[in-house]
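Notes for the one structure printed next.
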Amino acid sequence: MTVALVWLRDDDLRCADNPALALGASSAEAVVPVFAWPPGRASGRAPGAAARWWLHHSLAALEAELAERGSRLVLRHGPVAAELVAVATACRARLVVWNRPHTPPARRLRDDLVGRLAECGIEGRETGSGLLHDPDALRTSAGGPWKVFTPFWKALRRTLEPVEPVAGADPLPAPARWPASCRLEEFALLPRVRWDEGLEDCWTPGRSGALARLERFLEHGLARYRDERDRPAAEAVSRLSPHLRFGEIGAREVWHAVRRHQAREGLADEVVEPFLRQLAWREFGAHLLYHFPHTIDEPLDRRFGSFPWRHDEAALAAWSRGRTGYPIVDAGMRELWRTGWMHNRVRMIVASLLTRHLLIPWQAGARWFEDTLVDADPGNNTLGWQWTAGCGADAAPYFRVFNPVLQGRRFDPDGAYVRRWVPEIAALPDRFVHEPWAAPDEVRKKAKVVLGETYPAPVIEHPAGRRRALAAWESWRAGLGDRGKVAGGAS
């Protein structure tokens, strides 16, 4: 019996639309799906606590999904390439297949595996991925990678409608004898001290949860998305990001499901394309990280290596804990801590406060998001933080400093989002819910708000923060000389 081993990583945990599983099933008489978890930080940057929680439950769901198809998930704990070769040797597999990796750590693991397979005389084959397109497929007219989103999006829409999802094999052919597997609990992905109740209340990791969330969005959110997507209290967004991050559903599946729903309901392109653009923005993040792997830790615009960032542990702690004194920021940070997720508009607002008002390096914010987001996607997280900090592709000009009060009034006009997550100021009138310090004493007293006691005063006043950010910007540009003339990025 010929056996194909299929290496599954933490971004392709599904059976349907999984090119590697399909290739394995068509290339051999039996398929052995394997997930290997490295000890410590051997794979590079280890997933954060919230992502590990999701990964545990996603793997459990995948085990059940594979069992329904007459298969199993072989779990191994140890150096990834060595464990994969050991499993291949144990089940006498002459073929190992995997989906093409795009993140720097996964590509390093792939390279290690390729070398070890060659030493053992085992064939290795790389196939598609969960992205809409391979990062090498979209190039500028000069043949290089894109660095600005709008032309990237136009090129994607003009030339590359995503291919239809790959059908999954059902059942999956099983080997006569399964190789040894460890228990999922040996990965120690769940927290020792329970802090994950909020995550359990909000999410259902796994394929069934992904499909249910997609169906709910198509029926109740897609038609509203264009007009309400920037309002965090509206619940008009898909919340598919963690399911996409872990590959429980593929981007191609989502794209074509939206297109089918559009045709069935007669929705105009201008209604659905804002959501498709967000899928493409996620794709843009993967595209950039693939072509510029250093950006996971360093700015794409290397001139920002000399930017005069501040190191203020007290301010960083206030931001992390949702105690900045700006209600829209604090609401977002508390939602993140409780649910492992934050609305995208609010992500931009909280990132702007950290990198502009507080002048704290974007890497500090990115690391906090990595640890607390269930959808901590390396490409998307890096793209978002560098965009806000002004040092990445298609970056926001540095002089664009969000006013958190105006942002709150614009996107949470009745204060519903703030009141949910910052209940200590919920009794303030709408007029003052985004700036409690501006309320008259008698209004604050009636609402039982005592600045500095029940709720903090702003960590820095907006005018002062804006002036400091622009002064740092001008000082940095002056230090660059001629190289600073075009700093700030293109919007």
Tell me yes or no: at least one residue of region 125-147 is loosely packed, with under 15 Cβ neighbours inside 10 Å and part of a helix (DSSP H, G or I). no
Subset of region 292-322 (residues that are out of contact with any Lys or Arg (no Cβ under 9 Å at 6 or more places or on another chain) and in a helix (DSSP H, G or I)): Thr295, Arg302, Phe304, Gly305, Ser306, Glu313, Ala314, Ala315, Leu316, Ala318, Trp319, Ser320
Is region 459-470 home to any residue that is small (Gly, Ala, Ser) and surrounded by 16 or more Cβ atoms within 10 Å (Cβ to Cβ)? yes
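Matching residues to (1) under 28 Å from Gly143 (Cβ atoms); (2) out of contact with any Gly (no Cβ under 6 Å at 6 or more places or on another chain); (3) at pLDDT below 95; (4) not assigned by TED's automatic domain parsing to the domain that holds Glu424:
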position	(1), (2), (3), (4)
Glu273	yes, yes, no, yes
Arg277	yes, yes, no, yes
Arg282	yes, yes, no, yes
Ala286	yes, no, no, yes
Ser306	no, yes, yes, no
Arg310	no, yes, no, no
Ala314	no, yes, no, no
Ser320	no, yes, no, no
Thr324	no, yes, no, no
Taking region 62-72, which residues are among the hydrophobic types (A, V, I, L, M, F, W, C) and surrounded by 22 or more Cβ atoms within 10 Å (Cβ to Cβ)? Leu62
Would you mention how many residues in region 97-119 are among the basic types (Lys, Arg) and closer than 15 Å to Val34 by Cβ? 2
Could you tell me whether region 258-266 includes any residue that is over 20 Å from Leu156 (Cβ atoms) and not in a helix (DSSP H, G or I)? yes
So which of Ala223, Ala210, Ala180 is touching a helix residue (DSSP H, G or I) at 6+ places or on another chain (Cβ under 8 Å), within 30 Å of Thr372 (Cβ to Cβ), not aromatic (Phe, Trp, Tyr) and not assigned by TED's automatic domain parsing to the domain that holds Gly78? Ala210
Flagged in region 114-124 as out of contact with any strand residue (DSSP E or B) (no Cβ under 7 Å at 6 or more places or on another chain) and not charged (D, E, K, R), in numbering order, are Gly115, Ala118, Cys120, Gly121
If you check Ala167, Ala106, which single one turns out to be assigned to a helix (DSSP H, G or I), in contact (Cβ under 8 Å) with a residue 40 or more places away in the chain and of a type in the set (A, V, I, L, M, F, W, C)? Ala106
Pairs returned, first residue in region 294-319 that is basic (Lys, Arg), second residue that is surrounded by fewer than 18 Cβ atoms within 10 Å (Cβ to Cβ), beta-carbon separation under 7 angstrom, 6 or more apart or interchain, are Arg303/Leu480; Arg303/Arg483
Tell me whether region 345-356 contains one or more residues that are in the same structural domain as Pro463 (by TED's automatic domain parsing), touching a Gly at 6+ places or on another chain (Cβ under 8 Å) and part of a loop (DSSP other than H, G, I, E, B). no
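What residue, of Val254, Val237, is part of a loop (DSSP other than H, G, I, E, B) and among the aliphatic types (A, V, I, L, M)?
Details: Val254 fails: part of a loop (DSSP other than H, G, I, E, B).
Going through Val254, Val237 in turn, just one is part of a loop (DSSP other than H, G, I, E, B) and among the aliphatic types (A, V, I, L, M): Val237.
Could you list, in sequence order, all residues of region 311-322 that are under 24 Å from the mean Cα position of the chain (by Cα) and surrounded by fewer than 24 Cβ atoms within 10 Å (Cβ to Cβ)? So that I can check it myself, show each step before the final result.
Here is the first cut: in region 311-322, the residues under 24 Å from the mean Cα position of the chain (by Cα) are 316-322.
Within region 311-322, Leu316, Ala317, Ala318, Ser320, Arg321, Gly322 meet the criteria.
The values are calculated or read from the model by the stated rules, or taken from the named source; none is laboratory data. All figures in this text were calculated on a predicted structure; none of them were measured in a lab. Ideal geometry is used to build each Cβ from the backbone, glycine not excepted, and the neighbour counts take in all protein chains shown.
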